[in-house]
Each structure stands twice: as C-alpha cells, then as structure tokens.
Amino acid sequence: MSKGRAEAAAGAPGILLRYLQEQNRPYSAQDVFGNLQREHGLGKAAVVKALEQLAQQGKIKEKTYGKQKIYFADQDQFDTVSDADLQVLDAKIVALTANVQSLQQSCRHMEAELKELTSAMTTPEMQKEIQELKKECAGYTERLKNIKAATNHVTPEEKEQATELSDAILEGYPKSKKQFFEEVGIETDEDYNVKLPDP
C-alpha cells in the first residue's frame, strides 16, 4: 500500500462517519466506495473495514439484507421533528418546486430567444443585403429612365396621323387593308404583342 493510500485508509473512519451523518441515508459499502473514492482516494477494502469498525463502535448502524450490509447514521443523534415542523418543511418543498418550474420555463424561453437571435442575420449581412437591394433598385430605375427617353416610341398624336394617312391611301387601294400592311411592312398590335425594350 502506498503512503498516500495508507494515510487515506487511516483517516477513513472519520471521513465515512461525517459522510453518513451529512447524507443521513442508507448506503452499502459499494455505494460509499463509489461516491468517495475519487475525492478521497479510498480503496474498497479500506471502506469496508472502516464501516465495520464504526458499526462495532456504535457510531453508525448496520443492517443485513440477504448477503448485503447497509450502513446509516445513528438516528438517536438527530432531534425529533414534530408534525408542525414537517408541514413547514413540506410547504418549503412545494414553494421551491414551484420556483424551480418557473426558472425552468424562463430558461426555455431564453433558450428559444437565443436560438432565434443566432439564426437571424448579423449587422454586416444586413448591410450587404441592403447594398444589393439598392443596386438592384438603381438598375430598375435606369431601365425605366431609358424606356421613357426612348425615341422609337410612337406618341398618340403620331399614331392618329398615321391612321388618318393610311385610311386616305386605302380609299383608292384595290386590295384589303391587311394586304396593304403586308406589302408596305406595317406591323399592327394584332400581329405582334407590344413589348418594352430591354435596357
């Protein structure tokens, strides 16, 4: 046995007595060993020996269930709790339980809010999106400006003059209006859909 392990084993009874009194619930030797080995470096044999020693000295109680022994603090050392005290404790438990539920609900709301915030666009991303939209808007504005300034658009007055002219010609033309338009290369709205020119 190493020096550190020997020192831990020597102090095991005090450690185990204090642990059982603080927890005030029954444990097997395996439970105690599993709960304390990491913190105190106690070996399984040292825990079993210390528990048996404490039980023999009457400092803790021991009960056997089949092949397993259970150890717990001597209840005589604790003050008797009255029914009124138990009711007060029960009320505290109810209040604390309600508080825990409220905190859990609040925590869920904050987690949902955090998830929403992390999925939202960042400020730089929003600025980039705004710049792209402004650029696209400027493109449409320029296109509209070009359409309005186009010289190949026919004004209502010009269209009316052309119609009057064509009607005057057709009066002495032996063929149909459609044949006349085909021969001179005039396209009408009925022949083609009017489309705006591309920018």
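GLY34: of a type in the set (Gly, Ala, Ser) and free of Cβ contacts under 8 Å to residues at least 12 places away in the same chain, yes or no?
For GLY34, the condition - of a type in the set (Gly, Ala, Ser) and free of Cβ contacts under 8 Å to residues at least 12 places away in the same chain - is met.
Please work out if GLU116 is exposed (fewer than 10 other Cβ atoms within 10 Å of the Cβ) and farther than 30 Å from PRO13 by Cα.
So GLU116 fits the description; yes.
Considering only region 67-175, give the helices (runs of 4 or more DSSP H) lying wholly within it that have at least 3 residues that are at pLDDT 80 or above and under 39 Å from the mean Cα position of the chain (by Cα).
In region 67-175, 83-119, 123-149 are the helices (runs of 4 or more DSSP H) which contain 3 or more residues that are at pLDDT 80 or above and under 39 Å from the mean Cα position of the chain (by Cα).
Of all residues in region 53-86, how many are touching a strand residue (DSSP E or B) at 6+ places or on another chain (Cβ under 7 Å), under 14 Å from ASN24 (Cα atoms) and basic (Lys, Arg)?
1
The values are calculated or read from the model by the stated rules, or taken from the named source; none is laboratory data. Since the structure is predicted, the reported quantities are computational estimates derived from the model, not experimental observations. Note that we place each Cβ from the backbone using ideal geometry, even for glycine, and neighbour counts take in every protein chain shown.
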